[in-house]
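Q: So that we are looking at the same thing, I have put the structure below in structure tokens.
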Amino acid sequence: MKKITKELIAQFYRMLSPCRLCPRECGVDRLNGETGNCNAGLKPKVSSYHQHFGEEYCLVGRFGSGTIFFTHCNLHCVYCQNYDISQHGIGREITAERLAEMMIELQELGCHNINLVTPTPWVPQIVEALGIAQENNLTVPVVYNCGGYESVEILRMLEGIIDIYMPDVKYGDNEKGKKYSGVHDYWDVVKKALKEMHRQVGDLVIEDGIARKGLLIRHLVLPNGLSDTKNCLEFIANEISKDSFVNVMDQYYPAYNASRYPELNRRITPREYMSALENYPFTRNPNIFQWIILK
């Protein structure tokens with residue numbers, strides 16, 4: 001991790017007034033108590049932190065992923081499985097100093113990384129905490145675990161700070177992003193964000209079974225082909241890298257407001273999952289895509 005200076009932290013905090021941390025660019029003055037579309041305020045708000053053993057095998061290893069769950073989100077997915085955290089904001093406000101302590105505690109437990117879940121609304125506060133943790137000998141990789149709807153400007157500012165980018169790729173067109181996640185340009189934005197992430201960290205590097213650096217992409221298969229798996233995987237192969245690590249996930253279940261959308265109001269079938277992979281022309285070559293299925 002590059003040295004995090006007071007000047008760099010101040011540069012990130014300036015992005016809060018007017019707020020332009022994500023592509024929504026709400027423009028609210030978060031430094032003076034205003035909240036925008038994501039409802040995030042000034043102090044970082046955390047739901048929980050712990051050793052997590054339900055992540056990808058290369059993050060978990062023997063001692064788990066040091067996961068910190070932040071509240072609020074710049075996306076409003078109607079089927080969000082963590083809606084109590086992301087949409088209802090269940091958590092507590094903490095200081096940057098306490099956030100840094102959490103990171104060090106997780107490292108001391110033996111966690112192989114610090115896994116920042118939904119960091120997008122909290123980037124300045126996270127960078128400040130990482131600076132404090134850096135002074136206290138934080139050495140494990142930092143994982144940026146996000147929904148994919150990221151500002152390229154902010155990503156460029158994070159270069160050298162983030163070791164592993166772990167974005168979702170939810171849909172392969174803008175219309176579904178608008179209907180199911182509340183943003184009109186999801187696909188346009190995520191393509192640019194993935195390219196910037198890969199430019200910074202490259203393909204995922206795994207040493208002794210543990211991810212050290214790189215891009216790890218998640219793609220959740222939705223019922224009725226709503227996740228556009230073929231589109232998403234073709235883009236990744238053709239414009240990111242054919243050596244990309246992609247976790248194609250099958251654990252969708254209706255949550256939050258999914259019941260209001262009949263097309264989302266059921267689990268996927270085994271046939272739908274296999275079809276999502278079979279429709280992808282490179283699937284049969286095991287050296288092109290690596291994926292695991294989280295049950």
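Q: Only one of these is more than 20 Å from I164 (Cβ to Cβ) and surrounded by fewer than 23 Cβ atoms within 10 Å (Cβ to Cβ): G91, G64, G131, G110. Name it.
A: Checking each option against the conditions leaves just G91.
Q: It is to be established whether one or more residues within region 114-136 are in a loop (DSSP other than H, G, I, E, B), at pLDDT 95 or above and over 18 Å from F70 (Cα atoms). Can you show your working first?
A: Of the residues in region 114-136, the ones in a loop (DSSP other than H, G, I, E, B) are 118-119, 136.
Pick out the ones that are also at pLDDT 95 or above and you get 118-119, 136.
If we keep only those that are over 18 Å from F70 (Cα atoms) as well, we get 136.
Yes: region 114-136 contains one or more residues that are in a loop (DSSP other than H, G, I, E, B), at pLDDT 95 or above and over 18 Å from F70 (Cα atoms).
Q: Being surrounded by fewer than 18 Cβ atoms within 10 Å (Cβ to Cβ) and either of a type in the set (S, T, Y) or within 20 Å of K192 (Cβ to Cβ) (or both) is the filter here, so list the residues in region 242-264 that pass it.
A: Scanning region 242-264 gives K242, Y253, S259, Y261.
Q: Before we move on, is C146 within 26 Å of C80 (Cβ to Cβ) and either free of Cβ contacts under 8 Å to residues at least 40 places away in the same chain or in contact with a Pro (Cβ under 6 Å, 6 or more places away or on another chain) (or both)? First the steps, then the outcome.
A: On the way: within 26 Å of C80 (Cβ to Cβ): yes; either free of Cβ contacts under 8 Å to residues at least 40 places away in the same chain or in contact with a Pro (Cβ under 6 Å, 6 or more places away or on another chain) (or both): yes.
Considered against the rule, which asks whether it is within 26 Å of C80 (Cβ to Cβ) and either free of Cβ contacts under 8 Å to residues at least 40 places away in the same chain or in contact with a Pro (Cβ under 6 Å, 6 or more places away or on another chain) (or both), C146 comes out as yes.
Q: Then there is this: When region 170-195 is examined, which residues are found to be surrounded by fewer than 19 Cβ atoms within 10 Å (Cβ to Cβ), assigned to a helix (DSSP H, G or I) and in contact with a Leu (Cβ under 8 Å, 6 or more places away or on another chain)?
A: Going through region 170-195, the residues surrounded by fewer than 19 Cβ atoms within 10 Å (Cβ to Cβ) turn out to be 173-176, 178-179, 182, 184-185, 188, 191-192, 195.
Those still in the list that are assigned to a helix (DSSP H, G or I) too: 174-176, 178-179, 188, 191-192, 195.
Across region 170-195, the qualifying residue is only K176.
Q: Is it the case, given these coordinates, that Y49 is assigned to a loop (DSSP other than H, G, I, E, B), under 19 Å from the mean Cα position of the chain (by Cα) and touching a residue at least 24 places away in the same chain (Cβ under 8 Å)? Let's see the steps before the verdict.
A: Details: assigned to a loop (DSSP other than H, G, I, E, B): no; under 19 Å from the mean Cα position of the chain (by Cα): yes; touching a residue at least 24 places away in the same chain (Cβ under 8 Å): yes.
Answer is no for this residue.
Q: Quick check on this structure: which one of V189, V183, V169, V221 is touching a Pro at 6+ places or on another chain (Cβ under 6 Å) and within 24 Å of A276 (Cβ to Cβ)? Spell out the reasoning first.
A: Values: V183 fails: touching a Pro at 6+ places or on another chain (Cβ under 6 Å); V169 fails: touching a Pro at 6+ places or on another chain (Cβ under 6 Å); V221 fails: touching a Pro at 6+ places or on another chain (Cβ under 6 Å).
After applying the criteria, what remains is V189.
The values are calculated or read from the model by the stated rules, or taken from the named source; none is laboratory data. Please read these numbers as outputs of a predicted model, since none were measured by experiment. Cβ sites come from the backbone with ideal geometry, for glycine too, and all protein chains shown count toward neighbours.
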